Amino acid sequence: QVQLVESGGGLVQAGGSLRLSCVASGSSFSINTMGWYRQAPGKQRELVADISSSGNTKYADSVKGRFTISKNNAKNTVYLQMNSVKPEDTAVYYCNVDGIDYNDYKGYSSWGQGTQVTVSS
């Protein structure tokens, strides 16, 4: 079982910056894609950004040019650098990682517990 622990959320003023981190841990696994999703009150969970094993990235149109996703393969960690944040970025941010669990050689998709990001105007 692959577990994810997120950190870095909090309260930030509009125009400010915040960096989220997510660490994956488990006994034996590979990682394919690492990503960040968010869910605002009353809205569906949406993809913010993800990064593939080869480093290809994908962003939601609403965050392009402001957010940057990156990873450290040696630390099984994915980051989301959030710059020029806006009140509409307020949401619970969830980390998602998928790959192969070598304990049973089956695919997995794990979610973090979520971290609250609140942007004040």
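The values are calculated or read from the model by the stated rules, or taken from the named source; none is laboratory data. Just so it is clear, the structure is predicted and the values come from calculations on it, not from any experiment. All Cβ positions, glycine included, derive from the backbone under ideal geometry; neighbour counts span all protein chains shown. The protein model used for the area step is the full one, side chains on, heavy atoms only, and it has no ligands, DNA or RNA in it. Shrake-Rupley method; radii C 1.70, N 1.55, O 1.52, S 1.80 Å.
Here are the numbers for this structure:
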{"quantity": "Condition broken by GLY16, with the remaining ones in (1) within 15 Å of SER109 (Cα to Cα); (2) open to solvent by less than 50 Å² (accessible area, probe 1.4 Å); (3) part of a loop (DSSP other than H, G, I, E, B) satisfied", "calculated": "(1)"}
{"quantity": "Looking only at the stretch 93-114, and only at residues there that are in contact with a Ser or Thr (Cβ under 7 Å, 6 or more places away or on another chain) and not acidic (Asp, Glu), the one that is surrounded by the most Cβ atoms within 10 Å (Cβ to Cβ)", "calculated": "VAL97"}
{"quantity": "Pick from the stretch 31-44, criterion small (Gly, Ala, Ser) and surrounded by 13 or more Cβ atoms within 10 Å (Cβ to Cβ), ranking: nearest to GLY112 (Cα to Cα)", "calculated": "GLY35"}
{"quantity": "Failed item, numbered, when GLU88 is tested on (1) part of a loop (DSSP other than H, G, I, E, B); (2) at pLDDT 95 or above", "calculated": "(1)"}
{"quantity": "The stretch 91-121, residues that are under 18 Å from VAL63 (Cα atoms) and in a loop (DSSP other than H, G, I, E, B)", "calculated": "SER121"}
